[in-house]
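Have a look at the structure below before the remarks.
The values are calculated or read from the model by the stated rules, or taken from the named source; none is laboratory data. No experiment lies behind these values; they were computed from the predicted model shown. With ideal geometry, Cβ positions are generated from the backbone for all residues, glycine too; neighbour counts draw on all protein chains shown.
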Amino acid sequence: MPDLGQSAPDFTLPTNGGGTFTLSEQSKAVVLYFYPKDDTPGCTKEAIAFTEHLAEFEAAGAIVVGASKDTAAKHDKFITKHDLAVTLVSDAEGTLCEDYGVWVEKNMYGKTYMGIERATFLIDATGVVRQIWRKVKVPGHVEAVLDAVKAL
């Protein structure tokens, strides 16, 4: 699990649209956000908010990448259904979630289970973690991340 000022764990994973994404090949800052599941209310709102601000992230020199354990095929359906413009990586094996420490015990209605903690990592162009948001609440989050990108 990376900490502020540490190198972000590198990864290569399949994306929506049949592509692959490798962190170490990026020449811009990367906003890597983890979310529990495609097409659930909070995750949809978050993906739409990142899509709505994508041009501003790009203007500030950053790319936005979402990650969940859903398959790339599910990501394709999610993107088509909601007209999303963000890149979504498929962490079907859960390795990325483990590497970033977001595969955690959750509690809902008195039941505990393992799941993805909604979290965002701001990784600069050299691969260093500059900011971490954990237990993210969707309202206002994308704007806070954008402000941090602009401050890099």
Can we say F57 is farther than 16 Å from V136 by Cα, crowded, with 19+ Cβ neighbours inside 10 Å and hydrophobic (A, V, I, L, M, F, W, C)?
yes
For the stretch 17-44, which residues satisfy the criterion of being more than 26 Å from G61 (Cβ to Cβ), part of a helix (DSSP H, G or I) and in contact (Cβ under 8 Å) with a residue 12 or more places away in the chain?
G18, G42, T44
Name the pairs whose Cβ atoms lie under 6 Å apart, with the first residue in the stretch 95-112 and without any contact (Cβ under 8 Å) to a residue 24 or more places away in the chain, the second exposed (fewer than 10 other Cβ atoms within 10 Å of the Cβ) and among the charged types (D, E, K, R), and 6 or more positions between them or separate chains?
T112/E105
Where K74 falls short, out of the listed (1) of a type in the set (K, R); (2) out of contact with any Ser or Thr (no Cβ under 9 Å at 6 or more places or on another chain); (3) farther than 17 Å from P2 by Cα:
(2)
Residue among K37, K106, K69, K45 that alone is modelled with pLDDT of 95 or more and more than 13 Å from the chain's Cα centre (by Cα)
K45
Residue list for the stretch 102-143, filter: small (G, A, S) and touching a Ser or Thr at 6+ places or on another chain (Cβ under 9 Å):
A125, G127
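Given F11, F50, which one is in contact (Cβ under 8 Å) with a residue 60 or more places away in the chain, surrounded by fewer than 21 Cβ atoms within 10 Å (Cβ to Cβ), out of contact with any His (no Cβ under 6 Å at 6 or more places or on another chain) and aromatic (F, W, Y)?
F11
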I'd like to check which strands (runs of 3 or more DSSP E) are fully inside the stretch 71-147 and have at least 1 residues that are among the hydroxyl-bearing types (S, T, Y) and surrounded by fewer than 17 Cβ atoms within 10 Å (Cβ to Cβ).
111-116
Scanning the stretch 61-94 for residues that are under 25 Å from D147 (Cβ atoms) and either without any contact (Cβ under 8 Å) to a residue 12 or more places away in the chain or touching a strand residue (DSSP E or B) at 6+ places or on another chain (Cβ under 8 Å) (or both) gives G61, A62, I63, V64, V65, G66, A67, S68, V86, T87, L88, V89
Small (G, A, S) and touching a Phe, Trp or Tyr at 6+ places or on another chain (Cβ under 8 Å) - does that describe any residue in the stretch 7-18?
yes
Please name all residue pairs, on different chains or six or more residues apart, with Cβ atoms under 6 Å, provided the first residue is in the stretch 124-137 and is closer than 12 Å to L23 by Cβ and the second residue is among the aromatic types (F, W, Y) and assigned to a strand (DSSP E or B).
V129/F121
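The rows are residues; the columns are (1) touching a Leu at 6+ places or on another chain (Cβ under 7 Å); (2) on the phi > 0 side of the Ramachandran plot; (3) at pLDDT 95 or above.
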{"position": "D76", "(1), (2), (3)": "no, no, yes"}
{"position": "T87", "(1), (2), (3)": "no, no, yes"}
{"position": "G94", "(1), (2), (3)": "no, yes, yes"}
{"position": "K111", "(1), (2), (3)": "no, no, no"}
{"position": "I116", "(1), (2), (3)": "no, no, yes"}
{"position": "Q131", "(1), (2), (3)": "yes, no, yes"}
{"position": "E143", "(1), (2), (3)": "no, no, yes"}
{"position": "A148", "(1), (2), (3)": "yes, no, yes"}
